Amino acid sequence: WGLEALGPEGMLIASVTDPELLQGVCREAQDAHLRNLALMLERGIQVVYDSWFQCGPSVGWSPRTYEEIFLPLVKEAADLAHHYDAVYIYQDDGKMRDIIPLVVEAGVDVLSGLQPPDVGDVILSEVKAAYGSQVALLGGLDPVYTFDLGTPEIVREKVRQAIADAGAGGGYVLGTAEAVAPETLAESLHTAVTAARAYGMY
């Protein structure tokens, strides 16, 4: 919501020229978000799926700025969800490798997105090895080069590899880092489902 007020470029510039303005805009947006979230939690929702892509490295934020400005907001939202015994899912469909340790420490329950290179920078097997005992993982498949521009054969192999990389011991939900495009071949989507059934059974 802060982007609506300042725009992406304005937020990045404010982080250097007027950090107090950026913090103030983020605080206003966060307070509104927490009020809305609390209302939904009071009505019984059990899962909170929060997208933080606009606050991540893909937009241009440094890990330091992320830690100082955005991480406390993530922790507030996760803590609020946990107060109501809800699951908190953190979504970032871009580059997130450098902030994953911070996000895990903030207490999220699920890391979602996990966009692989070249669009992202997450190596699924490494995240599973480092954090799979602390958080669940959701995503890991590239929606562009695997689904939108790929073939059913590529989809099958990528699904097989993702399950091999993160499925052991549970705690992994197979999925794309972001939505697939409307023009994605129905055959590719069908292949993903059949491959998940073939390779994803314990």
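The values are calculated or read from the model by the stated rules, or taken from the named source; none is laboratory data. Just so it is clear, the model here is predicted, and its values are computed rather than measured. Glycine gets a Cβ as well: all are built from the backbone with ideal geometry, and neighbour counts include every protein chain shown. These accessible areas exclude ligands, DNA and RNA; they are computed on the full protein's heavy atoms, side chains included. Shrake-Rupley method; radii C 1.70, N 1.55, O 1.52, S 1.80 Å.
The residues of the chain expose on average 52 square angstrom of accessible surface per residue, using a 1.4 Å probe on protein heavy atoms.
Averaging Cα coordinates gives a centre for the stretch 1-37 and one for the stretch 68-84; these two points are 16 Å apart. With a Förster radius of 25 Å applied to the beta-carbon distance between ALA130 and GLU68, the computed FRET efficiency rounds to 0.60. Taking a Cβ cut-off of under 13 Å around PRO19, the surrounding Lys, Arg, Asp and Glu residues balance to a net charge of -1, with basic ones at +1 and acidic ones at -1. For LEU12 and ILE123, the difference between the fully extended length at 0.36 nm per residue and the C-alpha to C-alpha distance is 37.2 nm. Within the straight-line cut-off of under 21 Å between alpha carbons, the lysines reachable from LYS158 are LYS95, LYS128, sequence neighbours fewer than 8 places apart in one chain being disregarded.
Within the accessible surface of the stretch 87-202, defined with a 1.4 Å probe on protein heavy atoms only, the carbon and sulfur portion equals 57 percent.
Taking label positions 7 Å along the Cα-Cβ direction at both ALA38 and HIS82, the computed distance is 1.8 nm, reported to one decimal.
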